[in-house]
1. Excluding same-chain residues fewer than 8 positions from K106, which lysines have a Cα within less than 20 Å of its Cα?
2. Using a cut-off of 24 Å between alpha-carbon atoms, which lysines can reach K280, once sequence neighbours fewer than 8 places away in the same chain are excluded?
3. Please give the solvent-accessible surface of Y39 in Å², to the nearest 10, using a probe radius of 1.4 Å with every protein chain present.
4. Counting only protein chains, not ligands or nucleic acids, how are S284, S5 ordered by accessible area (probe 1.4 Å), most first?
5. What fraction of the DSSP beta bridges in the chain is antiparallel, stated in percent and rounded to the nearest 5?
6. Can you bin every Cα-Cα distance in the chain into 10 Å intervals starting at zero and give me the percent of pairs per bin, rounded to whole numbers?
7. For region 93-153, report the translational diffusion coefficient in µm²/s to the nearest whole number, using Stokes-Einstein at 10 °C, 1.306 mPa s, and a Kirkwood Rh over Cα pairs.
8. For the chain, what is the calculated [θ] at 222 nm in deg cm²/dmol (nearest 500), taking -39500 (n - 2.57) for each run of four or more DSSP H residues and dividing by its residue count?
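The values are calculated or read from the model by the stated rules, or taken from the named source; none is laboratory data. Since we're looking at a predicted model, the values are computed, not measured. In this analysis, Cβ positions are derived from the backbone assuming ideal geometry, glycine residues included, and neighbour counts consider all displayed protein chains. Each accessible area value is taken on the protein alone, full model and side chains, heavy atoms only, with ligands, DNA and RNA left out. Shrake-Rupley method; radii C 1.70, N 1.55, O 1.52, S 1.80 Å.
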Amino acid sequence: MFAFSQPYLALAPMQAITDLPFMRVMQQFGGPDYFVTEYFRVHEHYHLEKKILASIVDNDTGRPVFAQMIGQDIDALVRNAKDLMNYPVAGVDLNLGCPAPVVCRKDAGGGLLRTPARVDEILGRLRDAIDGKFTVKTRIGYTSHDEFEQLLEIFNRHELDLLTIHGRTVLERYQTPVHDDCVRRAVEVMDCPVIANGNVVDVTTARGYLQKTGAAGLMIGRGAIRSPWVFEQIRQDLAGQPIKQVKRSDLLEYIQLLYDAIAADPFIDFDPNKHVQRMKKYLSYMAQGVDEEFEFQIRRAKQPAEFFAICERHLANDQLVPQLPPENSKLFCGFNELAEQ
């Protein structure tokens, strides 16, 4: 499917996170094999957003980019899928996994999994409309993983080029271990490659997820915000090479690069104090496992000078960053089960 060998490594699409500046920074640390855009929020009168299109047309990472859509209006999805094929996309992806309540209430994202017949109809229309690669990112059900077998039957009808599975139900959100047995089942029955998503935070969880599922690759989201080195570390592990040890000074460099990249984004009106608030969204992941005082102080920073003084005080040294975030934190839960061999 791509010019590189399995296992494929992908950056998970995360709304208001995985824009072009973030992609560029990820690639400086080794990066994934391919990217997926933030989702285009498709509805009846929707037209493709310039900000998300920029991550396609201005992509200079050297990696393919899939365009992701979310929505439930079939005609609008078809129209926008055809429009996307006019851009240099690696393919078009349909989001069937977003668990955000505001999305599910509109019967989009993970909310669509409550109506399998509707999913079947949407996939059929999109497969007919897309003259290129068509992929899906899904959860294993809305309420229960018992729903997954029916979903797999539907997915297999439509000649998907790739299926990415977040191994939780919509209602489980991010608060449980993943159901790796469901991902393994998909690998067994699907006619296309299957990518495993959810709870990969380091080399051991990556290795465990691959071994337990036989998946063709991994998609990593929150773990990559916390540690952009994770993609290169996985490659090193698979090749039997020494794995990079991340120091706090490395994390400080990452924060500065990300701060500068996002500040230069032409789609935002840069304001120094608002930018500090914007950075806290990323720091909430990066600070996991560093130390509680750093996390406490960074949450209260208001101005750039204060923000960077806190970062320098805690990170300008050669102490190693913990390999794993805290188990059962608000942002990372249940990953230890993947590391168990």
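1. K137
2. The reachable lysines, counting only those whose Cα sits under 24 Å from K280, are K51, K247, K302, K330.
3. Roughly 20 Å² of Y39 is accessible to a 1.4 Å probe.
4. So, going from the largest accessible area down, we get S5, S284.
5. Within the chain, antiparallel bridges account for around 5 percent of the total.
6. 6, 26, 34, 25, 9, 1
7. It comes out at roughly 134 µm²/s.
8. Dividing the helical sum by the residues of the chain leaves -12500 deg cm²/dmol.
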